[in-house]
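The structure appears right after this line, and notes come after that.
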Amino acid sequence: MSINKQLGVLKVGFVFMVMICLLAGQILAREVFRGRMLTERAPIEPPAVEILIEVDSWTSPEEIIQFNEVMARSGVEAFLDLFKATKKGVVRFLYARGYNLTIHMAQVQPDESGKKKIILVFRREPWSQGTQLGTGRYYFMVMELKLNEKGKGEGRFYEDAQIKFDVTNGRVYLETYGISPKMIPMIQEVKKK
């Protein structure tokens, strides 16, 4: 084999290894949670569905400040455009008629007792084939998870929610909601091996 061919094979091999490392890094960086959510739709729908939450990245305090500035300077439409363009992960409803919801904001908010609260914010849209969202007053859906130090806990899924920003601390909060939340009686962080 000539030197040029050997160099070509080495270049292809190097590019392949770099791509593998990048993909593996993205997979390893992902935070995954598994849970079970009550649908409140029995007997038409399953009474509970498995959910899989995959967070690719967390919303930084700087991003919260940017969201707030866009809202203040350019109004609701510009804010919603920026919000929709921001992708932080996905929630998968694991049953035959379930959809995937794109996470547009994701934050971990630890408390003093070693527990943590996770806030996931979505665009308000159907999450299953049977979902009929009425005319809600708000633009968002929010999933709030409360986990203990072992990564186990519970949560709530608000289908018609309003959020607010705390720019001093760079956080997003659930402000209010229009529809009673779906309960997530069991959620657990999937530990990386």
Completion exercise
When residue 118 is run through (1) outside any strand (DSSP E or B); (2) aliphatic (A, V, I, L, M); (3) within 19 Å of residue 181 (Cα to Cα), the failure sits at (1)
Problem - Residue under evaluation residue 107, criteria (1) closer than 24 Å to residue 149 by Cβ; (2) in a loop (DSSP other than H, G, I, E, B), criterion not met - result: (2)
Fill in the blank from the handout: Of 53, 65, the only residue that is at pLDDT 90 or above, under 30 Å from residue 186 (Cβ atoms), surrounded by 12 or more Cβ atoms within 10 Å (Cβ to Cβ) and β-branched (Val, Ile, Thr) is 53
Practice task
State whether the residues of region 165-178 include one that is out of contact with any helix residue (DSSP H, G or I) (no Cβ under 7 Å at 6 or more places or on another chain) and among the basic types (Lys, Arg).
Solution key: no
Practice task
Within region 127-134, identify whether any single residue is at pLDDT 90 or above and not in a loop (DSSP other than H, G, I, E, B), and answer yes or no.
Solution key: no
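The values are calculated or read from the model by the stated rules, or taken from the named source; none is laboratory data. Keep in mind it's a predicted model, so treat the numbers as computed, not measured. No Cβ is skipped: glycine too gets one built from the backbone with ideal geometry, and neighbour counts run over all protein chains shown.
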